[in-house]
């Protein structure tokens, strides 16, 4: 999710916060089952109960273009802000 | 003192993944070959079609597929093959270099030449042959 989030960043997450286009959301990955963070692009045009999510860093990783849209109830929370990085860390 | 559940849950810091791009260890030159076959088929279809819209779409898709060929070849080159392979098959670097060039602007990206696409497929087959030998070893 670079440049928005980098490895090791701490983020403040509103658990239970809802998805909307443009928001970063934490959700259960539909294939891997792990907690995942991506940006909501839009509702899935084929099924408005689902969300299409995308990554900020086009170079690496995966998103709805590879694993499809995510179910509305897979969304667990919304990222409110990234906490400041330590000035000593990279 | 026991913290109320609401407070302890606030202090939990779960790890969230941004991508699942793990080195999964699954490699196969067939990936590059399938994309190269698409490129060849596009070149053949364009040869018998004067519709400008079709030709533009074909050009765009052919560039994307050519880029995928390069991508899949580079994954094999950098992630699968290891120094002992390059020692045993001294022409391997050159093969990858030539194959990715054939998928580039001087090859299938830059033209609708079926012969170029066939050269590309032959080059991928040479790499696939070495790949198969390393799998048996």
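Throughout, read-outs are computed from the coordinates displayed, never taken from laboratory work. Bear in mind the structure is a predicted one, so any value in this text is a computation, not a measurement. Glycine also receives a Cβ, built like all others from the backbone with ideal geometry; neighbour counts cover every protein chain displayed.
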ask   = Looking at A:3, A:21, which is the one that is loosely packed, with under 12 Cβ neighbours inside 10 Å and out of contact with any strand residue (DSSP E or B) (no Cβ under 8 Å at 6 or more places or on another chain)?
value = A:3
message = I'd like the full set of residues that are surrounded by fewer than 14 Cβ atoms within 10 Å (Cβ to Cβ) and either facing chain B (nearest Cβ under 9 Å) or within 12 Å of the chain's Cα centre (by Cα) (or both), limited to region A:6-17.
response = A:7, A:10, A:15
Helices (runs of 4 or more DSSP H) wholly inside region B:47-137 that include at least 3 residues being under 16 Å from the mean Cα position of the chain (by Cα) and surrounded by 15 or more Cβ atoms within 10 Å (Cβ to Cβ) = B:52-75, B:92-102, B:114-136
Residues (surrounded by 12 or more Cβ atoms within 10 Å (Cβ to Cβ) and either farther than 19 Å from residue A:18 by Cα or facing another protein chain (nearest Cβ under 10 Å) (or both)) located in region A:35-64 = A:35, A:36, A:37, A:38, A:55, A:56, A:57, A:61, A:62, A:63
ask   = In region A:20-34, what residues are over 24 Å from residue B:68 (Cβ atoms) and more than 8 Å from every other protein chain (Cβ to nearest Cβ)?
value = A:20, A:21, A:22, A:23, A:24, A:25, A:27, A:28, A:33
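Do you know which residues across region A:65-80 are farther than 19 Å from residue A:8 by Cα and either in contact with a helix residue (DSSP H, G or I) (Cβ under 7 Å, 6 or more places away or on another chain) or within 14 Å of chain B (Cβ to nearest Cβ) (or both)? Step through it out loud before you land on a result.
Keep residues of region A:65-80 that are farther than 19 Å from residue A:8 by Cα, which gives A:65-76.
Across region A:65-80, the qualifying residues are A:65, A:66, A:67, A:68, A:70, A:74, A:75, A:76.
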